[in-house]
Ligand SMILES: Cc1ncc(COP(=O)(O)O)c(C=O)c1O
């Protein structure tokens, strides 16, 4: 922060009642650091002089001026995430999609091309194929597990490759080092949405990834009570992303930043528990006759199980399990409705186990052909495994599947 100089104290016993009310003393000056993160619930910051204000806006001194541009509580969350992700810098956003759009708009111009994983979050798919297409940015959606297909999709205008560490909802694991190699050979950036992993499972920067983003709404907050996003990477690559936040205004509120920062302290504990329970549940689901297929990177039959084991922290494959019940769309929806403990709910990664029937919820933007290309079947159900006892979750899913089989 800038050193506050000049006319700091504006109280005067001679002032009228309204002036006294507006200029009543604020926080006391004290020379201590709080244990908890202060919430800087303020839209603006004051300066000791007009020159100090000018210097800050010009970037000659560090500090804050206006909370759309940056806020100390939001910056604390972003810095903490950069630290956990082993990145140089971080920027916080109002949502995962605010983060994603700032990355794309900050790094792309009309005529540029993106190679994107076929199985990405539906909102990212819609942003690329719908919104950005209107502004002259093109995207190819490819099976990122096929590196030849990725190389073939790259054109002279490809600026960016985009994938998810663990894809939503197919749980395909991205070969981060290999994709970084393809991107860098083409002079492009590798951007990874690591929402499903979190830094307590995998840190993509350690595997050559340039820019990492998260929907902080998910595991980083972890309690389904806050919306946010974050982007980490080098300070150089984050500069245009930060600029987009300033211009578009998708800034994280200080109250939400406080909750997100607090969530980080328990992230490794929660991820260990989510992962352990998800492993137990995935193994149980795989044995049930009413299940066509279970997708979970911790299962030996998962196509990228070995890759996941190499990239992820020991024993942690994340807290999401995707299941395809036998019987198509009706069976997928019936399974969701037959659950007693797990609830039909949007979002994921909280304390409570929730389910969503993928084709009618998160990926409703995709038609049948796009769904098939993304590896999603009409029955696919995404289970976000919460912090309940694993045995209770297995019992709940088993009784729900039994109703289908019966
Ligand atoms: C993988 C992934 N990325 C991005 C997003 C978007 O995040 P938000 O809802 O915080 O905008 C989501 C939301 O579900 C997601 O699952």
Quick one: compute the contact order of the stretch 234-309, relative version, from alpha carbon pairs under 8 angstrom and 6+ residues apart, as a percent. 14
Where only alpha carbons of the stretch 6-48 are counted, the Rg and the Dmax (Å): 13.5, 39
Using the alpha carbon gyration tensor of the stretch 358-398, what are the three equivalent-ellipsoid semi-axes (square root of 5 times each eigenvalue), largest first, in whole Å? 28, 10, 7
Please report the Cα spread of the chain along all three principal axes, rounded to whole Å, starting with the longest. 83, 51, 36
Could you grab the relative contact order for the chain? Cα pairs under 8 Å, six or more apart, rounded to a whole percent. 16
Just want to confirm a number: the relative contact order over the stretch 53-177, from Cα pairs under 8 angstrom separated by 6+ residues, in percent. 20
With a 10 Å Cβ neighbour count serving as the proxy for reagent exposure, in which order, fewest first, do 271, 35, 333 appear? 35, 333, 271
Overall dimensions of the stretch 306-382 by Cα: Rg and Dmax, Å: 13.9, 37
In degrees, nearest 10, the alpha-carbon axis of helix 96-107 is tilted away from the dominant principal axis of the alpha carbons of the chain by 80
Difference of contour (0.36 nm per residue) and Cα-Cα distance, residue 313 to residue 133: 61.1 nm
Does a label point 7 Å from the Cα of residue 151, set along Cα-to-beta-carbon, have any residues of the stretch 163-198 with amide nitrogen under 18 Å, and which are they? 175-190
Taking the stretch 64-172 on its own, what percent of its Cα-Cα pair distances exceed 20 Å? 49
Given 10 °C and 1.306 mPa s, compute D for the stretch 56-108 with the Stokes-Einstein relation, Rh being the Kirkwood radius over Cα pairs; round to the nearest whole µm²/s. 129
Return the calculated 222 nm mean residue ellipticity for the chain, to the nearest 500 deg cm²/dmol, obtained by summing -39500 (n - 2.57) across DSSP H runs with n ≥ 4 and dividing by the residue count. -11000 deg cm²/dmol
Counting every C-alpha pair in the stretch 220-314, the percent lying more than 22 Å apart is 54
Neighbour-count ranking [beta-carbon atoms within 10 angstrom, fewest first] of 202, 116: 116, 202
Sort 369-376, 118-125 by the packing proxy (mean of other Cβ within 10 Å over each peptide's residues), most packed first. 118-125, 369-376
Given R₀ = 56 Å, FRET efficiency for residue 50-residue 109 by Cβ-Cβ distance, to 0.05? 0.95
Take the stretch 244-370, drop everything but the C-alpha atoms, weight them equally and run the Debye formula without solvent; then report log10 I(q)/I(0) at 0.14, 0.21 Å⁻¹ to two decimals. -0.81, -1.29
May I ask you to compute the full-extension gain from residue 35 to residue 287, defined as 0.36 nm times their residue separation minus their alpha-carbon distance, rounded to one decimal in nm? 85.9 nm
Take 218, 287 and order them by how many other Cβ atoms sit within 10 Å, fewest up front. 287, 218
Semi-axes of the equivalent ellipsoid for the stretch 130-259, please: Cα gyration tensor eigenvalues, times 5, square-rooted, ordered largest first, whole Å. 26, 18, 14
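None of the figures in this text is laboratory data; all of them are computed from the coordinates on show. No experiment lies behind these values; they were computed from the predicted model shown. Using ideal geometry, Cβ is built from the backbone for each residue, glycine included, and neighbour counts are taken over all protein chains shown.
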